[in-house]
Amino acid sequence: MIRTGLLVAAWLAATSAPVWAESWSVVPEASSFGFISVKEGDIAEVHSFGKLSGTIDDGKAEVLIDLASVETHVDIRNERMREILFDVATTPNIIVTAEIDLEAYKDLAIGARTTQEIDFTIDTGTFSSDYFAEVNVTRVGPDAVSVASAQPIPVDASEFGYADGIEKLREIAGLDEISIIVPVSFDLMLRR
């Protein structure tokens, strides 16, 4: 009887453990991280990064963005951004970190969405800056959650040492202006 009681207690402890606190991974093919550049005051162009990876472990989120995967839809511009702006030979990745407690969404119905405010950090390895955003958290399946920016987040590229690179790109393209403020957005699919 005592042995049976111990087995039942062990089973209850195992089944009542917070399974949502387990490790989650970014699903790269279902995720996106993009930005908009604005030139000549009113010409906006949408860009993205093709390679993302990341995890959430115990609420600590880390997303790795491969800067060499920048996609501007113009080959020469991709090359110039990789070499002149991002200098991928020296800094191949950006790391975005945040605290996201997915345990808080375990009771969210599949298909339901809620909004949360989060603080996050963008780190190039040389420069780092903190930001704040509202994100939409959608439970898309029993073991899948989408975390997406509720609106674009204005990022000051000069905080990451990109001002000189933007100026060089402006000169090469013969433009009067390229904005240093870059709206950023993301939509990350996470799977347990």
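With contacts taken as Cα pairs under 8 Å and at least 6 residues apart, segment 18-87 reaches a relative contact order of 27 percent.
If you take all other residues with their beta carbon under 14 Å from the beta carbon of ILE56, and give Lys and Arg +1 and Asp and Glu -1, the sum is -4.
Distant-in-sequence amide contacts of GLU177, defined by a placed amide H-H separation under 5 Å and a gap of 5 or more residues or a different chain, comprise GLU40.
Among the chymotrypsin sites (Phe, Trp or Tyr not before Pro) in segment 91-154, those located in a DSSP loop and surrounded by at most 15 other Cβ atoms within 10 Å of their own Cβ are PHE127.
A 1.4 Å probe run over segment 82-121, with the rest of the protein chains in place, finds 59 Å² accessible per residue.
Phi angles across segment 68-82 convert, under the Karplus curve 6.51 cos²θ - 1.76 cosθ + 1.60 with θ = phi - 60°, into 3J(HN,Hα) values of 5, 8, 4, 10, 10, 6, 9, 4, 5, 5, 4, 4, 5, 5, 4 Hz, Gly and Pro given as x. Reducing segment 76-95 and segment 121-192 to their Cα centroids gives an inter-centroid distance of 15 Å. The phi-based Karplus calculation (6.51 cos²θ - 1.76 cosθ + 1.60; θ = phi - 60°) puts the 3J(HN,Hα) values of segment 133-150 at 8, 8, 10, 9, 10, 10, 7, 9, x, x, 10, 9, 9, 9, 10, 10, 5, 6 Hz, whole numbers, x for Gly and Pro.
Our estimate of slack between ARG113 and GLU171, defined as 0.36 nm per intervening residue step minus the Cα-Cα distance, is 16.4 nm.
Rolling a 1.4 Å probe over the protein heavy atoms of the chain, with every protein chain left in place, gives an accessible area that is 55 percent carbon and sulfur.
Just checking my list (i) 17.0, 49; (ii) 15.5, 48; (iii) 20.6, 84 against Rg and Dmax of the Cα atoms in Å computed from this structure; which label fits? It is the value labelled (iii).
Taking a sphere under 9 Å around the Cβ of TRP24 and counting the other residues whose Cβ falls inside, with K and R at +1 and D and E at -1, yields a net charge of -1.
The values are calculated or read from the model by the stated rules, or taken from the named source; none is laboratory data. Because the structure is predicted, anything quoted here is derived from the model rather than measured. Cβ coordinates were reconstructed from backbone atoms using ideal geometry, including for glycine residues, and neighbour counts include every protein chain displayed. Surface accessibility is based on the protein's heavy atoms, side chains included, excluding ligands, DNA and RNA. Shrake-Rupley method; radii C 1.70, N 1.55, O 1.52, S 1.80 Å.
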